[in-house]
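Chemist: Just dropping this structure here.
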Amino acid sequence: MNQNKICSIKKKHFKKLEQHASMILENFQEDAIHQFRVEYKKCRTFIRLGSVALGFDKGVRMSKKIKSWYNVLGHLRDLQLLRQRVIAAFELQQVKPQDYIHSIENELFKLKYGLSIQSLKAAVKKNQKNINKVFPKKISKRECLQFVFQNLLKVYEVLLKGELADYDIHMVRKYLKDISFYLSIQKQRLSDIAPSIIFNSNNDAYLKALLEELGKFQDLCTAVILLKSTSLDSFNLDEQNMLIQLNRQWVQEKEQFSKILNRILKGEHCTAQPPYVAVIANFSLREE
């Protein structure tokens with residue numbers, strides 16, 4: 001990856017990050033927040049790739065201010081999704097937990113009010129300038145492959161634990177998203193990295209579909225955590241009972257979803273190993 005391509009990628013994604021920041025500050029719509037967070041993760045992945053070329057920990061990172069925005073906006077979007085999920089759960093029922101829904105809306109209002117006075121766009125621009133000063137001018141093909149296989153090995157290390165907890169599944173998603181974004185910026189397929197005997201034409205669709213399911217699971221986990229953290233004392237008994245039943249329902253759904261993802265990630269749904277397990281073995285053999 002030469003200097004021109006590196007500069008082009010950085011410019012493209014930081015520009016998008018700035019654009020989505022502007023859209024957020026207009027109305028704090030869910031899609032704008034989601035797109036900002038997606039673009040943040042892409043920039044972060046590219047920075048991690050650059051860190052490989054620099055030998056790690058050389059000051060190439062997203063700034064604390066941008067990370068703080070990312071986290072707060074993530075909480076804001078989690079609350080927006082929670083509100084949607086609660087409303088959908090009681091859509092066909094005459095009685096709904098209106099007080100709880102209003103409490104979510106009040107928290108959303110407070111968060112938006114606190115964010116409206118900050119300069120997100122300026123923070124993005126400053127972060128880009130700082131990264132430009134230390135980012136490598138060139139990233140070799142071997143360093144690119146090293147980045148991919150490091151993430152694959154991290155996935156494999158998680159899978160070796162046995163039964164995967166919610167956090168483990170989240171980490172698998174994080175590592176696979178880094179790989180997915182790398183493939184997108186390089187305009188590569190999984191089959192370009194390893195022999196076609198391991199990866200077939202369906203692998204890219206497989207990875208995309210898997211990431212979508214992992215994302216849905218993460219959203220459900222977050223909804224369960226937020227609902228569990230709610231103090232029910234401020235609601236009447238009827239609403240308390242509704243929320244308790246809803247929590248039980250979501251926990252059950254999460255546990256079932258977790259079992260399915262455990263089987264998929266460990267390849268128990270088919271006779272073949274998951275593709276990322278097979279490529280790790282192949283890479284190890286080529287390195288010997």
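The values are calculated or read from the model by the stated rules, or taken from the named source; none is laboratory data. Since this is a predicted model, take the numbers as computed values, not measurements. FYI the Cβ positions are ideal-geometry reconstructions off the backbone, even for glycines, and counts take in every protein chain you see.
Chemist: Give me the residue from region 153-164 that is touching a residue at least 40 places away in the same chain (Cβ under 8 Å) and surrounded by fewer than 20 Cβ atoms within 10 Å (Cβ to Cβ) and, out of that set, nearest to VAL52 (Cα to Cα).
Modeler: If we take residues in region 153-164 being touching a residue at least 40 places away in the same chain (Cβ under 8 Å) and surrounded by fewer than 20 Cβ atoms within 10 Å (Cβ to Cβ), then LEU153 is nearest to VAL52 (Cα to Cα).
Chemist: Could I ask something else about it? I'd like to know if region 214-232 contains one or more residues that are closer than 18 Å to GLN93 by Cβ and of a type in the set (Phe, Trp, Tyr).
Modeler: Looking through region 214-232, none of the residues is closer than 18 Å to GLN93 by Cβ and of a type in the set (Phe, Trp, Tyr).
Chemist: Tally up the residues in region 211-250 that are acidic (Asp, Glu) and under 28 Å from the mean Cα position of the chain (by Cα), please.
Modeler: Result for region 211-250: 3.
Chemist: Further question: Return yes or no: is PHE109 assigned to a helix (DSSP H, G or I), among the aromatic types (Phe, Trp, Tyr) and over 24 Å from the mean Cα position of the chain (by Cα)?
Modeler: It is true that PHE109 is assigned to a helix (DSSP H, G or I), among the aromatic types (Phe, Trp, Tyr) and over 24 Å from the mean Cα position of the chain (by Cα).
Chemist: Name the one entry in ARG77, ARG61 that is of a type outside the set (S, T, N, Q), in a loop (DSSP other than H, G, I, E, B) and touching a helix residue (DSSP H, G or I) at 6+ places or on another chain (Cβ under 7 Å).
Modeler: None of the others qualify; the one that does is ARG61.
Chemist: In region 57-72, how many residues are modelled with pLDDT under 85 and polar (S, T, N, Q)?
Modeler: Result for region 57-72: 1.
Chemist: Could we say that GLU39 is in contact (Cβ under 8 Å) with a residue 24 or more places away in the chain and within 16 Å of LEU227 (Cβ to Cβ) here?
Modeler: no
Chemist: Here's a follow-up. For residues that are more than 21 Å from the chain's Cα centre (by Cα) and aliphatic (A, V, I, L, M), scanning just region 252-277, find the one that is modelled with the lowest pLDDT.
Modeler: ALA272
Chemist: Additional query: For LYS133, all conditions in the list (1) free of Cβ contacts under 8 Å to residues at least 24 places away in the same chain; (2) touching a helix residue (DSSP H, G or I) at 6+ places or on another chain (Cβ under 6 Å) hold save one; what is the number of the exception?
Modeler: Of (1) free of Cβ contacts under 8 Å to residues at least 24 places away in the same chain; (2) touching a helix residue (DSSP H, G or I) at 6+ places or on another chain (Cβ under 6 Å), only one is false for LYS133: (2).
Chemist: Here's another thing I want to ask about it. Would you please name the residue that is farthest from ALA165 (Cα to Cα), looking only at residues in region 217-240 that are free of Cβ contacts under 8 Å to residues at least 12 places away in the same chain and of a type outside the set (A, V, I, L, M)?
Modeler: Once the filter is applied, the top-ranked residue is ASP233.
Chemist: Is there a residue being assigned to a helix (DSSP H, G or I), more than 19 Å from the chain's Cα centre (by Cα) and aromatic (Phe, Trp, Tyr) anywhere in region 89-99?
Modeler: For region 89-99, residues assigned to a helix (DSSP H, G or I), more than 19 Å from the chain's Cα centre (by Cα) and aromatic (Phe, Trp, Tyr): absent.
Chemist: Sticking with this one: Quick one: which residue in SER103, SER51 is of a type in the set (Gly, Ala, Ser) and at pLDDT 95 or above?
Modeler: SER103
Listed here are the residues, each with its yes/no results for (1) in contact with a Phe, Trp or Tyr (Cβ under 7 Å, 6 or more places away or on another chain); (2) within 20 Å of PHE181 (Cβ to Cβ); (3) not assigned by TED's automatic domain parsing to the domain that holds LYS187.
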site: LEU17; (1), (2), (3): yes, yes, yes
site: ILE24; (1), (2), (3): yes, no, yes
site: PHE28; (1), (2), (3): no, no, yes
site: VAL38; (1), (2), (3): no, yes, yes
site: THR45; (1), (2), (3): yes, yes, yes
site: GLY55; (1), (2), (3): no, no, yes
site: LYS65; (1), (2), (3): no, no, yes
site: SER68; (1), (2), (3): no, no, yes
